[in-house]
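Inspection log for the structure reproduced underneath, given as structure tokens.
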Amino acid sequence: MTHLPKALSGAAYQDLLGGMTIKGLRLRAALPPLPQPLNTASGQLTHAPVVLLDLTTSTGVVGHSYLFSPRADMLRPLVAICEALGDLVKGHPCDPLAVCDTLEQAFLLFGGTGLVTMARAGIDMALWDALAKDRGQPLYHLLGGEDAPVLAYESSGLGLSTPQTVADEAADYLASGFGHMKLRLGYDTLAEDVRAVTAVREVIGDTGLMVDYNQALDYEQALDRCRALDDFGLLWIEEPLHAADLEQSAELAKALKTPLQIGENLFTQFEVQRAIALRASRYLMPDVVKIGGATQWLIAAHAADQAGIPVSSHLFPEISAHLLASVPNRHFLEYANWVDAVLAAPVSPVNGMVHLPDTPGTGIAWNEDAVSRYGIAL
């Protein structure tokens, strides 16, 4: 790997590794309900299908992570891939860079994006949790990050609904202390998009507002709708186009006053570099799972930093808060409460800020009663 951030290179990285090896993986699946259903232009979410990973080590330290899949029917193959990857790295040192290289090489002929990359991410994130626990440090501290709150925006709701419904939700988020929030768009007509934004703006005033089209538009629709939103003072417009169409995203970015935000569907560092080279958006928000784990997220954030691009996170607020605290170009943490039911200590923003835990690791642990309640057999 090249262009490594400071946290992943030199003697400092070697010093944090210790002598642990990977002993095995325990995998479970659960289907907790969302606190409220979320409608988007790309489909509805009513539950949070998750795979829970426990990575055991030779010293008895256990690293935790979870994978979120918008489709419950993908949990079975995702678990099967995690099992196969776990067998490949069993007995290997707890070295995230070396494990990344091993799995990259193992899947060159097969191809490694999609579910394979997500499975790799689960192992990588659990490795980092285990390493930080072994050193008795929070992950952000292990990575040389700052002990400072991380700015978050509320993204749990504000789905496609009536103007009154989204206005009421926005008022609740404002009252709970959030100074930034994200609204889903992609209604049947531009007029409906504008009504939703107007309804929220009337309630929240100048409060920071982002919107997300969830890849719902073609280029002409995106140009028309995004230009119509240019005077609403939005912090960004997220994924109006298909995520793979970086060339047209670059064209759209040049045509708008409002910044574009993309990145949650970039699965490789090659895609990250192409997005940066094309100037496909003003901001980037890599997803820690889809990019392949914390190691790959840090590399992507470093590449963005070299290009002067701020990075935000996508979902997974527990580990994402640690990663953002560890990079100089941090922007926003996306906060969503979708997986809280199965977590022993969910992230709990205070006045829109996430305070990093001082416990060793990432802070991820399971609410075993809830895991039993919502667990599903595969």
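Annotations for the structure displayed:
- Members of the range 192-213 found to be part of a helix (DSSP H, G or I), surrounded by fewer than 22 Cβ atoms within 10 Å (Cβ to Cβ) and not polar (S, T, N, Q), listed by number: Glu192, Val194, Arg195, Val197, Ala199, Arg201, Glu202, Val203, Ile204
- Test: residue in the range 350-363 that is among the hydrophobic types (A, V, I, L, M, F, W, C), surrounded by fewer than 20 Cβ atoms within 10 Å (Cβ to Cβ) and either assigned to a loop (DSSP other than H, G, I, E, B) or in contact (Cβ under 8 Å) with a residue 24 or more places away in the chain (or both): yes
- Candidates in the range 231-244 are the residues that are of a type outside the set (A, V, I, L, M, F, W, C) and within 21 Å of Met285 (Cα to Cα); of these, the one that is surrounded by the most Cβ atoms within 10 Å (Cβ to Cβ) is Pro240.
- Taken as a whole, the condition of being on the phi > 0 side of the Ramachandran plot, open to solvent by 10 Å² or more (accessible area, probe 1.4 Å) and modelled with pLDDT under 95 applies to Gly111.
- Residue within the range 63-79 that is farther than 25 Å from His314 by Cβ and at pLDDT 95 or above present: no
- Number of positions in the range 19-47 that are assigned to a strand (DSSP E or B), under 30 Å from Pro93 (Cα atoms) and either open to solvent by 60 Å² or more (accessible area, probe 1.4 Å) or among the charged types (D, E, K, R) (or both): 3
- Pick from the range 322-332, criterion part of a loop (DSSP other than H, G, I, E, B) and not polar (S, T, N, Q), ranking: most open to solvent (accessible area, probe 1.4 Å): Pro328
- Figure legend. Inter-residue proximity from the range 48-59: first residues free of Cβ contacts under 8 Å to residues at least 40 places away in the same chain and outside any strand (DSSP E or B), second residues of a type in the set (Val, Ile, Thr) and buried (at least 17 other Cβ atoms within 10 Å of the Cβ), beta-carbon distance below 8 Å, spacing 6+ or different chains. Indicated pairs: Ser58/Ile22.
- Within the range 155-191, tally of residues that are closer than 17 Å to Asn351 by Cβ and open to solvent by 60 Å² or more (accessible area, probe 1.4 Å): 4
Every residue, every condition in (1) open to solvent by 30 Å² or more (accessible area, probe 1.4 Å); (2) closer than 18 Å to Gly293 by Cα; (3) not hydrophobic (A, V, I, L, M, F, W, C); (4) not in a helix (DSSP H, G or I), yes or no:
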residue: Ser320; (1), (2), (3), (4): no, yes, yes, no
residue: Glu334; (1), (2), (3), (4): no, yes, yes, yes
residue: Ala341; (1), (2), (3), (4): yes, no, no, no
residue: Val347; (1), (2), (3), (4): no, no, no, yes
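- Under the condition of being open to solvent by 60 Å² or more (accessible area, probe 1.4 Å) and out of contact with any Ser or Thr (no Cβ under 7 Å at 6 or more places or on another chain), the residues counted in the range 135-148 number 4.
- Some residue of the range 245-255 being modelled with pLDDT of 95 or more, surrounded by fewer than 20 Cβ atoms within 10 Å (Cβ to Cβ) and within 17 Å of Val166 (Cβ to Cβ): no
The values are calculated or read from the model by the stated rules, or taken from the named source; none is laboratory data. Since we're looking at a predicted model, the values are computed, not measured. Note that we place each Cβ from the backbone using ideal geometry, even for glycine, and neighbour counts take in every protein chain shown. These accessible areas exclude ligands, DNA and RNA; they are computed on the full protein's heavy atoms, side chains included. Shrake-Rupley method; radii C 1.70, N 1.55, O 1.52, S 1.80 Å.
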